[in-house]
Each structure stands twice: as C-alpha cells, then as structure tokens.
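Encoded as structure tokens, the structure appears first; notes follow it.
The values are calculated or read from the model by the stated rules, or taken from the named source; none is laboratory data. What you see is a predicted model, and the numbers here were worked out from it, not measured in a lab. Every residue, glycine among them, receives a Cβ derived from its backbone with ideal geometry; neighbour counts consider all protein chains shown.
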Amino acid sequence: MKKNIFSLIIISLMTSLLWIACNTTNNTVSLPEIQDVEFIVTVPSEITKNNTLYDVVKAIVTVRTGDTTATNYTLSELSFYSMGSNHFTQKISLPADISYKLTNFLLLDVDGNTIFACPLEGSPQADNVNDPLPIIFDVPAGSTKQVNIEVVSTDGLSPDDFGETQFFVNETELFTFLVSVSEINSDDLIEANLLITSGIYTITTNIQSIANNIVSIKDGYENYTLLINKLGYYVYENTFTADELKAHENTPLVAELESGYITDIDGNVYQTVTIGEQVWMAENLKVTHNADGTEIPLVTNDIEWGELGDNNTDKAYCYYDNNVNSDYGALYTWAAAMNGASGSIANPSGVQGVCLEGWHLPSDDEWNELINELGGTSIAGGKLKESGTTHWNSPNIGATNESGFTALPGGNRLSNNGSFVDIGYNGRWWSTSERDNNYIWLRYMSYSDSEAVRNFGNKSYGLSVRCVKD
C-alpha cells in the first residue's frame, strides 16, 4: 500500500513538472530580428547643378512604419559617404519583416545647409525623380536592405518646390566686397572666373568687365584665397584676411592678370595653360630659330632625314608632309629640341633647348608631374587631348581637354627612312631625359584610348615639342 501511494506521488509530481514546462514554452516571447538598412543616393544626370554629392556630409531622414507609427528615426542625422561614383548613408537598424515608409530625406553640406532633397509626391520637383516621397520599402530578414533614393539639387529652389515646410540652413553672416579684373599695365577691364576658398568653404562666381563687381561671402573664416582664371592669362592667386576684403566694401580690389600668350623669336604667338604648379605651352612649338637667333636646319628630303644620326649633334626640323601651314607645329630631332645640350633628369630640367627665353624643355620627371596632377597614366591623356575629331581620328577615346593642354596628334617622322607616319592617330613629345645613348624618354597619346604613356624613341625621330615656363 505504501508503495502504491509513493508511486502515485511520483506520477503526480512528474505530471506537474511537465505541465509547467509546456506552459513555460508556450509563453516565451519571440523578439523580432533587427536588420540593417542603408540608402543609396543618386542624382538624375539631366538636372545636375553646381553642387555635387561629393559636397554632402550628412543626411536627415524620417522613417515611419507602414501604418505611420513613428520609429527611432525622426529627422535623424546620418553620416554620408562617397566612394568613387557610389554615394550612400550610414546604416540604420529596423525590425525585419515590417513595411516602412521614408517621409523625409535631406542632404546637408559641411556648413549645415540643405543642398539636395528628395521631393514629396505632388510637389513641383516630383516629376524629376522616379520615386518621390513617401518611399515605401520592406525590410526582409537575413540581409542588409538597400533603398535607392534620387535627389534633386536645392540650388535656386525653395522648400515648397519639394513639398517641405523648411530646409536646414546655416544662418552664417555674409559680408560683401568689390572686385575688378584688368590686364597688367592696362586700364581695360576684363571678364574672368573667380573662385574663393577658405579650407572647406568654397564659392565660384563670374566677374564682369566692370569696375564694381559685388561679391558676397560668408564671414567667420581667418583667410580667403582668391583664384581668378581667364583663358589666355596666368592664374591670379592671392590670400586675404576677412578684414582686408572688408576694406574693399566701397572701393574695388583690382586683380591684375598677366597675359598667358608668349611670342617666339620668329613672331609665332602661343597660348599657355597653368596645370597644377606648372605652366605649359598649350600649342606645339613651330619655331625655326633658336632663342639666340641661330637657324635650325630644315630637312625636307626623306633620304637626308634617314641619314641623321642618333646623337646630340644632328639638328633638324620639318613639318609633317612638308606642309608649312600645318596645325600641328613642327617636328624636331632630339638634338634640335635640346639645341645640342646634354640630357637632364632634373625637375625642372634646366635645359632651354629650342624654347623661348624663360622657358625650357621638360624632363621625364616634369612630364610625370603633369600626368600625376591629372590622375595618372590611364586617364591623363583624355584630359590632355583636344576633344572632338577636328584633328584626332575617331573615336578619340576619353578626350575632354579639361586641362586646357590641347594635345594634338602631330604624328612623327621615322628615323630610318624619313617617312611621315601617324598624323591624326597619335602624338609624341620629347623630354630631356635619355634612356641610353640612342633613345630618349617621350610621352605618347593615341586616338584609341585615354592614356598618356611613357615610351622611348630614337634621337633622330622627328617629334613634337612642348615647353614649360621656368
């Protein structure tokens, strides 16, 4: 009997424990999975303005659930990143398997001003994007959710244009000063482009050919650097304190530009261009005399050219196909380009050669400096080449001439038989730097790519020449 009672007690206890276990399992709360979300940002190419996404430092976003319940993100600041051509926000975290809607999306610059925004559906700017606000998106479990956002520049537009009540604006005080631009030793006023920078703060404006151009800039910076550009002139650069600029509130600051045109001993006039810290001729040389007046031998006969030696003494020049009216300048042997000087690898080269007074033939390292300034070998050629197909053969890949260098495909004259080859297809330019006793480092650009290639050629080749300012 006692044994049976004990057995009943054990069975009852086990049943109770099983019931408790089952109840505990049934009452466990399952928390939703939290998932990362990031916003991928683009600007429709047909409506780009002065600002770019590279000027953005943060985003302001509001995210609600599908039933408009607030989330943790209401006018929240997110960091903004640009990597190459990709632009995206800092990731946010939201519970997965829920539908959401993005109701605010503003992009701010370093000064806290709204420079891009995604317009609200029904607003005047809504037709400029594929998906205006609110943008509805789901957050699936298991992977980062990417939401694509198109934004429009706010430049010249109001919050109403985007369906917004206000933009974020930094109310920094402005001050104005007057400026005019003239050529050195001339009273004639000229138009130009003005860029003002103070570290992260930059503005650009056009200067008209009037005495009192009014410029408004933000106060509060210690120094302001003014850079003034005008085609055909050297870049004007000067740094002023805020007080120095404010002193020109009623009387203009006069910036004098030095002419960027130079004239050789034969009377040929060349345009120049500033690229980085260097000033280059923006045209191929076509002079027939050295700066001291000595004549450079003109060799038109193919056989005579082919007999020239790969040395420092056989000076000669010619025009492609002996066309003295060539747009491409003259072609010179290395001895003629150097005017008999010894090779140089220095930067600057120190070799005047066939160049004008105050100018010199570039060394291999000076060519490297130019190409590095423009982004490296693979893309510099495109930035150096004249655009279009007036002189370059089609397709003239990558040519923008954004540097202003205006490289032309002057071809070359072969050293072995004096034949002219490759006009329209490529251009080659001498340096002062020897590869060995017979070969010289040169720069080569082609119609078929955007590269600026380091190559070498015989000293008796006929190649183009560009000079650099001392």
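TYR201 meets the stated requirement of being of a type in the set (Ser, Thr, Tyr) and under 19 Å from the mean Cα position of the chain (by Cα). For segment 118-155, a residue qualifies if it is closer than 19 Å to THR68 by Cβ and β-branched (Val, Ile, Thr), and the qualifying residues are ILE135, ILE136, VAL139, VAL147.
Under the condition of being of a type in the set (D, E, K, R) and over 29 Å from the mean Cα position of the chain (by Cα), which residue from segment 133-182 is nearest to LEU245 (Cα to Cα)? Talk me through it step by step, then tell me what you get.
Step one: list which residues in segment 133-182 are of a type in the set (D, E, K, R), which gives 138, 145, 150, 155, 160-161, 164, 171, 173.
Okay, now just the ones that are also over 29 Å from the mean Cα position of the chain (by Cα), so 138, 145, 160-161, 164, 171, 173.
Numbers: ASP138: 54, LYS145: 50, ASP160: 36, ASP161: 35, GLU164: 37, GLU171: 21, GLU173: 15 Å.
It comes out as GLU173.
Within segment 313-325, can you find the residues that are exposed (fewer than 14 other Cβ atoms within 10 Å of the Cβ) and either among the acidic types (Asp, Glu) or not in a loop (DSSP other than H, G, I, E, B) (or both)? Let's see the steps before the verdict.
From segment 313-325, those exposed (fewer than 14 other Cβ atoms within 10 Å of the Cβ) are 313, 321-325; that's our starting set.
Within segment 313-325, ASP321, ASN322 qualify.
Assigned by TED's automatic domain parsing to the domain that holds VAL57, within 30 Å of ILE217 (Cα to Cα) and modelled with pLDDT of 90 or more - does that describe any residue in segment 132-149? No, every residue in segment 132-149 fails to be assigned by TED's automatic domain parsing to the domain that holds VAL57, within 30 Å of ILE217 (Cα to Cα) and modelled with pLDDT of 90 or more.
Answer yes or no: is there a residue in segment 362-369 that is more than 30 Å from PRO297 (Cβ to Cβ) and not in a loop (DSSP other than H, G, I, E, B).
Initially, segment 362-369 is screened for residues more than 30 Å from PRO297 (Cβ to Cβ), giving 368-369.
Next, from what is left, pick out any that are not in a loop (DSSP other than H, G, I, E, B): 368-369.
Among the residues of segment 362-369, at least one is more than 30 Å from PRO297 (Cβ to Cβ) and not in a loop (DSSP other than H, G, I, E, B), which makes the answer yes.
Residue by residue through segment 332-344, note down the ones that are part of a loop (DSSP other than H, G, I, E, B) and aliphatic (A, V, I, L, M). Steps first, answer last, please.
Residues of segment 332-344 that are part of a loop (DSSP other than H, G, I, E, B), as a first pass: 333, 339-344.
Result: ALA341, single match.
Of the residues screened, SER363 is not one that is more than 24 Å from the chain's Cα centre (by Cα), in contact (Cβ under 8 Å) with a residue 60 or more places away in the chain, more than 24 Å from GLN271 (Cβ to Cβ) and surrounded by 14 or more Cβ atoms within 10 Å (Cβ to Cβ). Restricting segment 289-307 to residues that are under 15 Å from TYR319 (Cα atoms) and of a type in the set (Val, Ile, Thr) leaves a set whose member that is surrounded by the most Cβ atoms within 10 Å (Cβ to Cβ) is VAL299.
When ARG428 is tested against (1) out of contact with any Lys or Arg (no Cβ under 8 Å at 6 or more places or on another chain); (2) under 25 Å from ILE275 (Cβ atoms), just one condition goes unmet, and that condition is (1). Among the residues of segment 262-312, which ones are closer than 27 Å to ASN347 by Cα, hydrophobic (A, V, I, L, M, F, W, C) and in a loop (DSSP other than H, G, I, E, B)? Hits for segment 262-312 are ILE265, ALA282, LEU285, VAL287, ALA291, ILE296.
Matching residues to (1) surrounded by fewer than 17 Cβ atoms within 10 Å (Cβ to Cβ); (2) in contact with a Leu (Cβ under 7 Å, 6 or more places away or on another chain); (3) modelled with pLDDT under 95:
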| residue | (1), (2), (3) |
| --- | --- |
| SER216 | yes, yes, yes |
| TYR221 | yes, no, yes |
| TYR233 | no, yes, yes |
| LEU257 | no, no, yes |
| TYR261 | yes, no, yes |
| VAL273 | no, no, yes |
| GLU277 | yes, no, yes |
| MET281 | no, no, no |
| VAL287 | no, no, no |
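Checking the conditions here, which among GLY329, GLY375, GLY381, GLY350 is of a type outside the set (A, V, I, L, M), within 28 Å of the chain's Cα centre (by Cα), assigned to a loop (DSSP other than H, G, I, E, B) and in the same structural domain as ARG413 (by TED's automatic domain parsing)? Write out each step before concluding.
Details: GLY329 fails: within 28 Å of the chain's Cα centre (by Cα); GLY381 fails: assigned to a loop (DSSP other than H, G, I, E, B); GLY350 fails: within 28 Å of the chain's Cα centre (by Cα).
Exactly one residue qualifies, and that residue is GLY375.
The single condition from (1) of a type in the set (S, T, N, Q); (2) out of contact with any Asp or Glu (no Cβ under 8 Å at 6 or more places or on another chain); (3) farther than 30 Å from TYR461 by Cα that ASN311 fails is (3). Residue pairs whose Cβ atoms lie under 7 Å apart, sitting 6 or more positions apart in sequence or on different chains, and linking a residue in segment 443-454 that is under 17 Å from GLY388 (Cα atoms) and modelled with pLDDT of 95 or more to a partner that is hydrophobic (A, V, I, L, M, F, W, C) and assigned to a strand (DSSP E or B), are MET445/ALA407. The residue of segment 126-150 that is surrounded by the most Cβ atoms within 10 Å (Cβ to Cβ), among those that are hydrophobic (A, V, I, L, M, F, W, C) and under 15 Å from THR62 (Cα atoms), is LEU133. Consider segment 82-110 and keep the residues that are surrounded by 15 or more Cβ atoms within 10 Å (Cβ to Cβ) and under 24 Å from the mean Cα position of the chain (by Cα). The one that is farthest from GLN35 (Cα to Cα) is ASP109.
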